[in-house]
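Here the structure is laid out as structure tokens; the discussion comes afterwards.
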Amino acid sequence: MTQSSEPDLNTALAARYSDAPDTGMSEEPLLQSMAARGSCRAFEATPVPDDLLQTLCAIALASPTKSDLQQRDIVVLKSSEARAQLAKLVSGQAWVAQAPVLLVFCGNNRRQRLLHAWHDVPFANDHLDAVINATADAAIALGAFVTAAEALGLGCCPISAVRNDAQAVSDLLGLPDHVFPFAGLALGYPSKTPEIAKRLPLNVTCHVDRYHEDDYLRATVQAYDADRVDEQPYENQRFVDVFGEADPYGWSDDKVRQYSQPERADFGAYIRKRGFCLD
């Protein structure tokens, strides 16, 4: 498998933030891995050992969970047929089928409801918070899995597109009511070192005591756009037929174009169909 030396913690943070802190640390392997991580979409054919995969799932599910409710599950797709079927459902991402392992992290409010049925006690919280709690549990587990996997030299890329056709994904995975796909995850040994993607400066995303949105927000985003254009330009522009070619084309241009078009507008209807109340 491809091995690469990671930059030290301060170097990795400086590559990501224009206002990176001086941590006073350098040789902190886990923090270095987290600071230098990048999404991996190119994998070696080397399989991920079953015992390692099981260990990573165990570590992920050891992560925090709201009130010990444990409202998340992981579906592991190891067969090439299952991976190919999932790849078809996340259209436009042909690389997905090449990942040695695909996982789907699911929110699960079903077990809690079964507990109530078994104890003959009414479930009194059938409202939007049930969806949020299960989603948060799944998201926390996904983050823990990614952190653990990348610390061991694996590459990961979350796949939100499993919600593009959530019903079809649910059918593929055999998900019952009150269980829903939150995100997929491609996993394997990277064939090249993932890029450290620049992030917005901490002075607009990290707040003290109160949220603030000061006058410099717009100027900061414009400066961030310029940094991305200079150092990490986009290979392609979205929806050129609608917007034409932009020069320069920065992060904010890309994100505005991305969300100028409807995406997953039927997800609320799908969640209601799974038995949830969104009041």
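Nothing in this text is a laboratory measurement; each read-out follows from the coordinates by a stated rule. If you're wondering where the values come from, they're calculated on a predicted model, not measured in any experiment. Here the Cβ positions follow ideal geometry from the backbone for every residue, glycine too, while neighbour counts run over all protein chains shown.
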Given a Förster radius of 22 Å and the C-beta distance between Ala42 and Glu231 as r, what FRET efficiency does 1/(1 + (r/R0)^6) yield to the nearest 0.05?
-> 0.60
Computed over the chain: relative contact order in percent, which uses C-alpha pairs under 8 Å that are six or more apart = 25
DSSP-assigned coil residues among chymotrypsin sites (Phe, Trp or Tyr not before Pro) in segment 79-181, each with at most 16 further Cβ atoms within 10 Å | Phe123
Cα lying deepest toward the dipole's positive end in the chain, options Ala166, Leu61, Gln222, charges on Cβ = Ala166
Hydrophobic long helices for the chain, i.e. whole DSSP H runs reaching 27 angstrom or more by Cα along the axis with Kyte-Doolittle mean at least 0.0, come out as 128-151
Kindly provide log₁₀ I(q)/I(0) values, in the same order as q = 0.14, 0.24 Å⁻¹, from the Debye equation applied to equal alpha-carbon scatterers of segment 57-112.
-> -0.49, -0.91
Residues with amide H under 5 Å from that of Cys156, placed H, sequence gap 5 or more = Cys40
What residues have an amide H closer than 5 Å to that of Glu44, excluding those fewer than 5 places away on the same chain, when H is modeled at 1.01 Å from N in the peptide plane?
-> Tyr189, Ser191
Reduced Cα scattering model of segment 54-209, Debye log10 I(q)/I(0), q = 0.08, 0.11 Å⁻¹ | -0.27, -0.50
Would you kindly calculate the mean projected area, averaged across all directions, of the convex hull enclosing the Cα atoms of the chain, in square nanometres?
-> 17.7
Would you calculate the volume per residue, in Å³, of the smallest convex hull containing every Cα atom of segment 137-279?
-> 198
Whole-Hz Karplus couplings 3J(HN,Hα) for segment 234-249, θ = phi - 60° and coefficients 6.51, -1.76, 1.60, Gly and Pro as x, run 6, 6, 9, 9, 7, 6, 4, 5, 9, 9, x, 8, 9, 9, x, 10
Translational diffusion coefficient (Stokes-Einstein; Kirkwood radius from C-alpha pairs) of segment 204-258 at 25 °C, 0.890 mPa s, in µm²/s | 194
If contacts are Cα pairs under 8 angstrom and at least 6 residues apart, what is the relative contact order of segment 204-258 in percent?
-> 34
Got a sec? How would His178, His212 order by Cβ neighbour count within 10 Å, fewest to most?
-> His212, His178
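Could you calculate the contour length gain from Ala62 to Glu81, that is, 0.36 nm times the residue separation minus the distance between their Cα atoms, to one decimal place in nm?
3.9 nm
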Neighbour-limited loop hits for GluC sites (Glu not before Pro), segment 175-255 (at most 16 other Cβ within 10 Å; DSSP other than H, G, I, E, B) | Glu195, Glu213, Glu235, Glu245
